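Novice: Sharing a structure with you now.
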Amino acid sequence: MALVARHDRVAVQAVGSPDAAGTVPMARDTIFRIASLTKPIVAAAVMLPAEDVGLDLVDAPTGQWSSPPAFPSGAGGPVSTVDDCHAFARLLLGEGTADGRQVSTLASVRRMTTDHLTAPQRSTAHLFLQGQGWGFGGSVDVAAVDPWNVPGRYGWVGGTGTAAHIVPSTGTATVLLTQLELSGPTPPALMRDFRRLAAGIRARTAQESPAAETRCAPT
């Protein structure tokens, strides 16, 4: 299941079958295990009480959140659909606002989508990050290592073969939902092909609507 959206233009393609036997076709509302795509969602949820009561998001090594049982896993079974993932992407692209409702603050969204790593930290984790830094709950592109890298692109991938990213500077969202388990830290061929295709679509729509590109330029 693949989605590429830019502003109000949305393209969705369903391919294959949700069951191994191939008895039924994939549908737009098919439910997927999203694995680590929950990271940005949990980060956004954590930011809400942090905004309300001014929590410090940095915990000491011996603090209450330092042991694994202290915070239940956000990836402990959540499922989603391509349109649900797109709705969350639109929330981030809308800087905390979705369908006219202010769900989060602009400051929180920018903290999530800003790289907080140092250059040595990024260099040490190059195999894992591949031209990316790390915000809250997701990676942030800082170097054009591959054709799909755009400074500020934010998102992450899940071990069940899922990926979702936004490009704030162009108002673009991409979502890929499969159930093909990843075998390592680098994206598989299918995911790389999708990213390459999405980058080409983004480039074409930018050429078709330069005014929209200007409106979405980062401040």
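Novice: Which ³J(HN,Hα) values in Hz, rounded to whole numbers, follow from the phi angles of the range 168-174 under the Karplus curve 6.51 cos²θ - 1.76 cosθ + 1.60, where θ = phi - 60° and Gly and Pro get x?
Specialist: x, 5, 10, x, 9, 10, 10
Novice: Would you calculate the separation in nanometres between label points at Leu180 and His116, each defined as 7 Å from the Cα along the Cα-to-beta-carbon direction?
Specialist: My value for the distance between the label points is 3.4 nm.
Novice: Please label the shape of the range 75-141 as rounded, prolate or oblate, based on the square roots a ≥ b ≥ c of the eigenvalues of the alpha-carbon gyration tensor (a/c under 1.5 means rounded; beyond that, a/b larger than b/c means prolate, else oblate).
Specialist: oblate
Novice: Under a crude label model (7 Å from the Cα following the beta-carbon direction), how far is Leu48 from Thr124 in nanometres?
Specialist: 3.4 nm
Novice: Amide H of Ile34: which non-local residues (sequence gap of 5 or more, or other chain) have their own amide H closer than 5 Å, using H built in the peptide plane?
Specialist: Placed amide hydrogens put Ser80 under 5 Å from Ile34.
Novice: Can you work out ³J(HN,Hα) from phi for every residue in the range 90-96, in order, using Karplus 6.51 cos²θ - 1.76 cosθ + 1.60 and θ = phi - 60°, giving whole Hz and x for Gly and Pro?
Specialist: Rounded to whole hertz, the list is 5, 4, 5, 5, x, 6, x.
Novice: For Ala189 and Ala27 in one chain, what is 0.36 nm times their gap in residues minus the Cα-Cα distance, to one decimal in nm? All intermediate terms of the calculation are to be shown ahead of the outcome.
Specialist: Working: separation 162, 0.36 × 162 = 58.32 nm, distance 2.30 nm.
Separation in residues times 0.36 nm, less the Cα-Cα distance, equals 56.0 nm.
Bear in mind that the values in this text are calculations on the coordinates, not laboratory data. This is a predicted model, so every value here is computed, not measured. Heads up, the Cβs are rebuilt from the backbone with ideal geometry, glycines too, and the neighbour counts pull from every protein chain shown.
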